[in-house]
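In what follows, a structure is listed as structure tokens, so that the remarks can point back to it.
The values are calculated or read from the model by the stated rules, or taken from the named source; none is laboratory data. Being a predicted model, the structure only gives us computed values, none of them experimental. Every residue, glycine as well, gets a Cβ built from its backbone with ideal geometry; the counts of neighbours run over all protein chains shown.
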Amino acid sequence: MWKLKFPLFTLKLIGKLGLTFGQLIFFPLEITRLMVVNLLLTVCLIALGAGLIWLPNAQPQHAVKLNISLENSQEIVPVYRTIKNEQLSEVFQTYRTETLKKNFIPQADYINLAILAHEAQQYEEANKYLQLARFINPNRDFFID
């Protein structure tokens, strides 16, 4: 969005710079300190606006593979396959809220949170919940080392 605003902002500043130079040309006796400061600030802002256009865009997050293999376990069934993609983030937030209300959170809930967060493309959250699940019992059959 800012890339759309800065070219227009730069054009507006160039117009003001032209107006200031026009005033200098047509009224040379009225050069004041305020006009000189206006010229310097306008030139600096134009240079800054032109420099911001060439900033790189933010890159999307790359998908990170979860270090679990559900095929190795007889206990866990991937429930997230039945959830529509549009609802993943909402389901993840609801599941997380309900899970964190408990006094004791079992390892399976942390695994489910990690899977839901990963499918909702919240990779930092997924890694956090996977580490919490690994902390409870690192010797389970579905962890990949």
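How many residues does the stretch 1-29 hold that are modelled with pLDDT under 75 and either aromatic (Phe, Trp, Tyr) or under 30 Å from the mean Cα position of the chain (by Cα) (or both)?
Count: 12.
Pairs please, first residue from the stretch 90-117 and without any contact (Cβ under 8 Å) to a residue 24 or more places away in the chain, second anywhere and buried (at least 16 other Cβ atoms within 10 Å of the Cβ) and outside any helix (DSSP H, G or I), Cβ atoms under 7 Å, 6+ apart in sequence or on different chains.
Between residues of the stretch 90-117 that are without any contact (Cβ under 8 Å) to a residue 24 or more places away in the chain and residues that are buried (at least 16 other Cβ atoms within 10 Å of the Cβ) and outside any helix (DSSP H, G or I), the close pairs are 99/105.
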